[in-house]
Amino acid sequence: LGPDSTNLKIGNISGVSSTVAYASVNATAAVAQGGIWQTTDGGTTWTRQASATFSDSSSFPSLVHFWNDNDGVTIGDPTNGYFEIYVTSNGGSLWTRVPSSPALVPLDAEEYLISNNFTVTENTIWVMTTFGRILKSTDKGISWTISQSPLTEFFLNVDIFPTADMAFTDQNNGLLQTSDFQLFYTNDGGATWTDVVYSGVMRNFGISAIPGLPNTYIA
């Protein structure tokens, strides 16, 4: 990641081909600056994409996701009063910050995102906040809504693991599981959730939908 690599850490990597990928990068010291890095040679070299500025001293990307070669989104903690979100339609050559809206205003100064804790189905992305809320976009990050999950918070220790994971098999149907073995189901895209009384043994973190199998998950 360049000369400041020892003061940077990667939150997640989104690959779009055998050669092109993007990394969300956080600074661990004031001498470095985080942001979005791109590789076009399979990871041999990486270049920071400056237009996703994350320029505030406390701002950094919690995730980056690309749907294809062109369309991507990166999301960070609130700066200037709302969550810092950028979208691109040209592979990151130009990132544009999403304007503020009621959904993007945090409830409290302590509400922020959990690094690399999100799920994507088709053009929809769901992202968790530490206050148990779920940010949702159905148009690849351009516009957003927010809803409250059954939980009041989504982490035990943000540097270890969140207290919940979620996955969706389509735009409406999804599961939310917690580290204390609760399980919830939604059929309206995460707007409301219902307790699931399950049988058998459920693993309590890391749930994913299985592509091509409706309403089928692995944990």
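The values are calculated or read from the model by the stated rules, or taken from the named source; none is laboratory data. Everything quoted here is computed from the prediction, not taken from an experiment. When we count neighbours, we look across all protein chains shown, and the Cβ atoms used for this are built from the backbone with ideal geometry, even at glycine. SASA here: full protein model, heavy atoms, side chains in, ligands and nucleic acids out. Shrake-Rupley method; radii C 1.70, N 1.55, O 1.52, S 1.80 Å.
Quick notes on this structure:
- Option label - semi-axes √(5λ) of the Cα gyration tensor in Å computed here, alternatives (i) 60, 23, 16; (ii) 49, 21, 15; (iii) 29, 19, 17: (iii)
- Cα-centre dipole for the chain with unit charges at Cβ (Lys and Arg positive, Asp and Glu negative), debye to 20: 260 debye
- Take every pair of alpha-carbon atoms less than 8 Å apart whose residues are at least six positions apart; their mean separation over the length of the chain yields a relative contact order of 10 percent.
- If you sort E110, E153, E84 by accessible surface, 1.4 Å probe, largest first, the order is E110, E153, E84.
- Accessible surface of the stretch 82-122 [probe 1.4 Å, protein heavy atoms]: carbon and sulfur percent: 53 percent
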